[in-house]
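K.L.:
Got a structure for you, questions after.
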Amino acid sequence: KNEVEQSPQNLTAQEGEFITINCSYSVGISALHWLQQHPGGGIVSLFMLSSGKKKHGRLIATINIQEKHSSLHITASHPRDSAVYICAGGNQFYFGTGTSLTVIP
Amino acid sequence: NAGVTQTPKFRVLKTGQSMTLLCAQDMNHEYMYWYRQDPGMGLRLIHYSVGEGTTAKGEVPDGYNVSRLKKQNFLLGLESAAPSQTSVYFCASSHGQGVTGELFFGEGSRLTVL
């Protein structure tokens, strides 16, 4: 049983497409995290949100606390967005297994 | 700015050998974490610390020990390495939890146990 579930597991998109990655969680959380991991690379924090919506450049994250669901959107996707995107929540940080995104030029 | 630094980056061990991974952060964070990342699985919490001198078990603590003698350092020890401990280990730190809990990760340490 995973406390945090992501979908899809893998995603391939053409450059310029709008992308959505979903995250559902069963644990109680005070904040949900979206992280990015490039191949062979480290992990960086993209967003931390407890309600509503946040936007950084072409990335948008939303959360619905009542439905225990969050989404990460990428507008006008670019090959450099190719990475694994991970959502995490809970004070001890339960992690999803990640969504591997490939953006094709 | 160094952020979170892990050493070593790579290590190969024989079964039964011991080693220590060092995590150092220069952001004065209270919370520090050790995770392991295995193919097809999400990051799993091994141990964590909520302040200097404190440690607590996470989801997969067996076979590991930790210490936090100084606020900036969090050590992960393997007393008798096993092939099942072959993994990539990530250290992370945060100021707090919840809305103050933005995570900062080290670059990872790849450990192979033969």
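K.L.:
Provide the descending list of Cα extents for the protein assembly as shown along its principal axes, expressed in whole angstroms.
P.N.:
For the protein assembly as shown, the Cα extents along the three principal axes come out at 49, 38, 33 Å.
K.L.:
In square nanometres and to one decimal, what's the mean projected area of the convex hull around the Cα atoms of the range B:21-76? It would help to have the intermediate numbers written out before the result.
P.N.:
Numbers: hull surface 15.4 nm².
Here the figure is 3.9 nm², rounded to one decimal.
K.L.:
Turning to a different aspect of this structure: Taking only C-alpha pairs under 8 Å that are 6+ residues apart, what is the relative contact order of the range B:1-106 in percent?
P.N.:
On the way: 240 pairs, mean separation 34.4, N = 106.
Relative contact order for the range B:1-106 comes out at 32 percent.
K.L.:
Starting from one equal scatterer on each C-alpha and no solvent at all, send me the Debye-based log10 I(q)/I(0) for chain A at q = 0.14, 0.22, 0.23 Å⁻¹, two decimals.
P.N.:
For chain A at q = 0.14, 0.22, 0.23 Å⁻¹, log10 I(q)/I(0) is -0.48, -1.17, -1.27.
K.L.:
Can you compute the modelled spin-label distance between B:THR112 and B:SER18, with each label point 7 Å from Cα toward Cβ, in nm?
P.N.:
The modelled label-to-label distance comes out at 2.5 nm.
K.L.:
Can I ask one more? Of all beta bridges DSSP finds with both residues in chain B, what is the antiparallel percent, to the nearest 5? Working shown, then result.
P.N.:
On the way: 32 of 36 bridges.
Rounded to the nearest five, the antiparallel share is 90 percent.
K.L.:
Using Cβ counts within 10 Å as a stand-in for footprinting exposure, how do A:SER71, A:SER77 rank, fewest first?
P.N.:
Working: A:SER71 17, A:SER77 22.
Listing A:SER71, A:SER77 from fewest to most nearby Cβ atoms yields A:SER71, A:SER77.
K.L.:
Check cross-link reach from B:LYS71 to the aspartates and glutamates: straight Cα distance under 17 Å, and skip same-chain residues fewer than eight apart.
P.N.:
B:ASP26, B:GLU30, B:GLU52
K.L.:
Still on this structure, please answer the following. What area, in nm² and to one decimal, does the C-alpha convex hull of the range B:66-114 cast on average over all directions?
P.N.:
On the way: hull surface 17.3 nm².
The Cα convex hull of the range B:66-114, projected and averaged over all directions, gives 4.3 nm².
K.L.:
Let me see the P(r) profile for chain B: every Cα-Cα distance counted, bins of 10 Å, each bin given as a percent of all pairs.
P.N.:
15, 50, 29, 5, 0
K.L.:
Please enumerate, by chain and number, the lysines with C-alpha under 25 Å from the C-alpha of A:LYS54, excluding those fewer than 8 residues away in the same chain.
P.N.:
A:LYS68
K.L.:
Please give the peptides A:8-20, B:68-80 ranked by average Cβ packing (other Cβ atoms within 10 Å per residue), highest first, as a rough proxy for protection. Spell out each step's value before the answer.
P.N.:
Values: A:8-20: 13.3, B:68-80: 16.5.
Those peptides, ordered most packed to least, come out B:68-80, A:8-20.
K.L.:
Which distance in nm do the two modelled labels at B:HIS95 and B:ASP38 give, with both placed 7 Å along the Cα-to-Cβ direction?
P.N.:
With each label placed 7 Å out from Cα toward Cβ, I get 3.5 nm.
Values quoted throughout were computed directly from the atomic coordinates according to the rules given, and no laboratory measurement underlies them. Given the structure is predicted, the values throughout are model-derived calculations rather than measurements. Cβ atoms come from the backbone with ideal geometry, glycine included; neighbour counts cover every protein chain shown.
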